[in-house]
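So the structure is just underneath, and the comments pick up after that.
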Amino acid sequence: MSAEYTFVDVKEHQSKKDLWLVVHDMVYSCGDFVDEHPGGEEVLMDVAGQDATLAFEVLPLDVGHSDEAREILNGLLVGTLKRTGSDPKPPVTSPSSTSQTQSNDAGT
């Protein structure tokens, strides 16, 4: 069984050498990968100690993440996120919900 961490735990790891983030309720330690990230260290620093699901899945529409990137991420796994009542809701990342939001935004 993997370790469980809360957002309070994850937020304690926001430095370049000790950087944790959450993707799909899985907790990753990315400090050793910061200098190797193809998008630059600032991309990871912007989501340090936070839920990075949207940044990983939705926002890089012009870039995307390859299967290799997902394998690298899997190698950085340290545990799962234990959500509490005060945590933000998990982001919705399905393509249909994203296109629906974009359609609604275009009409306003």
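Annotations
- If you go through the range 2-30 and keep only what is of a type in the set (Asp, Glu) and without any contact (Cβ under 8 Å) to a residue 24 or more places away in the chain, you end up with ASP9, ASP18.
- ASN104 vs. criteria surrounded by fewer than 14 Cβ atoms within 10 Å (Cβ to Cβ), farther than 16 Å from THR6 by Cβ and at pLDDT below 95: yes
- A count restricted to the range 6-25 and to residues that are under 15 Å from PRO88 (Cα atoms) and not in a loop (DSSP other than H, G, I, E, B) stands at 8.
- Conditions (1) at pLDDT below 90; (2) closer than 16 Å to GLU12 by Cα; number of the one not met by LYS82: (1)
- A count restricted to the range 54-77 and to residues that are touching a strand residue (DSSP E or B) at 6+ places or on another chain (Cβ under 7 Å) and modelled with pLDDT under 90 stands at 1.
The values are calculated or read from the model by the stated rules, or taken from the named source; none is laboratory data. Bear in mind the structure is a predicted one, so any value in this text is a computation, not a measurement. Note: ideal-geometry Cβ built from the backbone for every residue, glycine included; neighbour counts use all protein chains shown.
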